[in-house]
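Quick notes on the structure that follows.
Bear in mind that the values in this text are calculations on the coordinates, not laboratory data. Everything quoted here is computed from the prediction, not taken from an experiment. Neighbour counts are summed over all protein chains in view; Cβ atoms, including those assigned to glycine, are modelled from backbone coordinates with ideal geometry.
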Ligand SMILES: [Zn+2]
């Protein structure tokens with residue numbers, strides 16, 4: 001084992017932004033029915049208890065949200081999109097789907113979606129390496145670090161970086177398996193709602209990608225909002 005392997009910590013961010021220091025509360029416990037702002041380029045974590053509902057709002061309609069959920073009792077169990085593909089035989093999540101963990105147990109249900117339903121479950125979260133390859137010369141905010149920092153901000157540590165549910169990311173898999181990189185197709189105020197089947201730590205990152213147009217044709221990352229509630233929100 002060389003020094004790099006020995007020192008690697010999957011929970012340690014490669015850089016820093018306010019996600020590290022601005023949790024919704026010290027332990028991630030949300031005030032129910034409060035709409036939290038998720039600033040552009042940042043991440044936040046929230047505890048969602050079994051039976052509660054998490055709604056993510058696409059405030060401007062053009063923003064991708066990288067989404068993860070970890071079992072609150074054991075962060076080594078988390079939503080896993082490759083396992084999801086095996087359960088639903090699809091790379092496109094649909095409302096009504098139970099979202100499963102890397103131990104193939106339902107952690108959440110994808111309950112409602114006011115958008116056209118275009119989401120991605122194939123592409124890894126952006127990270128410093130992605131932006132370096134795209135030509136970034138300095139540290140670039142990224143969803144991987146936003147996940148790490150959002151968890152550190154509530155006293156937790158990412159055990160690894162699971163493949164995210166990329167809400168509103170329009171990267172369809174075409175004939176032959178080719179992926180296209182396209183702007184979201186929703187509208188202002190679109191929302192998705194998940195029901196927690198177990199107590200989970202949900203993490204959302206307003207993707208900071210501004211080098212290809214997955215956050216709108218103008219390459220401009222924008223804010224999102226989210227809310228945890230005891231009753232299913234009316235639409
Ligand atoms: Zn991203």
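Quick notes on this one:
- Test: residue in segment 173-192 that is within 16 Å of the ligand (Cβ to nearest atom), closer than 14 Å to residue 45 by Cβ and either in a helix (DSSP H, G or I) or in contact (Cβ under 8 Å) with a residue 40 or more places away in the chain (or both): no
- Those residues of segment 198-217 which are more than 16 Å from the ligand (Cβ to nearest atom), more than 14 Å from residue 167 (Cβ to Cβ) and buried (at least 18 other Cβ atoms within 10 Å of the Cβ), in sequence order: 198, 200, 201
- Residues of segment 137-167 satisfying the condition of being within 13 Å of the ligand (Cβ to nearest atom) and assigned to a loop (DSSP other than H, G, I, E, B): 140, 141, 142, 161, 163, 164
- All positions within segment 86-134 that are within 16 Å of the ligand (Cβ to nearest atom) and surrounded by fewer than 20 Cβ atoms within 10 Å (Cβ to Cβ): 122, 123, 124, 127, 128, 129, 130, 132, 133, 134
- Cβ-Cβ under 9 Å pairs, at least 6 apart or on other chains, segment 201-213 side over 18 Å from residue 152 (Cβ atoms), far side away from the ligand (no atom under 12 Å from the Cβ) and assigned to a strand (DSSP E or B): 213/182
- When segment 178-213 is filtered for residues that are touching a strand residue (DSSP E or B) at 6+ places or on another chain (Cβ under 7 Å) and within 19 Å of residue 144 (Cα to Cα), the ones remaining, listed by number, are 200, 201, 202, 203, 204, 205, 206, 207.
- Scanning segment 218-229 turns up one or more residues that are out of contact with any strand residue (DSSP E or B) (no Cβ under 9 Å at 6 or more places or on another chain), more than 16 Å from the ligand (Cβ to nearest atom) and closer than 24 Å to residue 39 by Cβ.
- Where a residue in segment 60-87 is on the phi > 0 side of the Ramachandran plot and its partner, wherever it lies, is in a strand (DSSP E or B), with Cβ under 9 Å and at least six apart: 61/190
- Residue in segment 51-62 that is closer than 21 Å to residue 157 by Cβ and surrounded by fewer than 22 Cβ atoms within 10 Å (Cβ to Cβ) present: no
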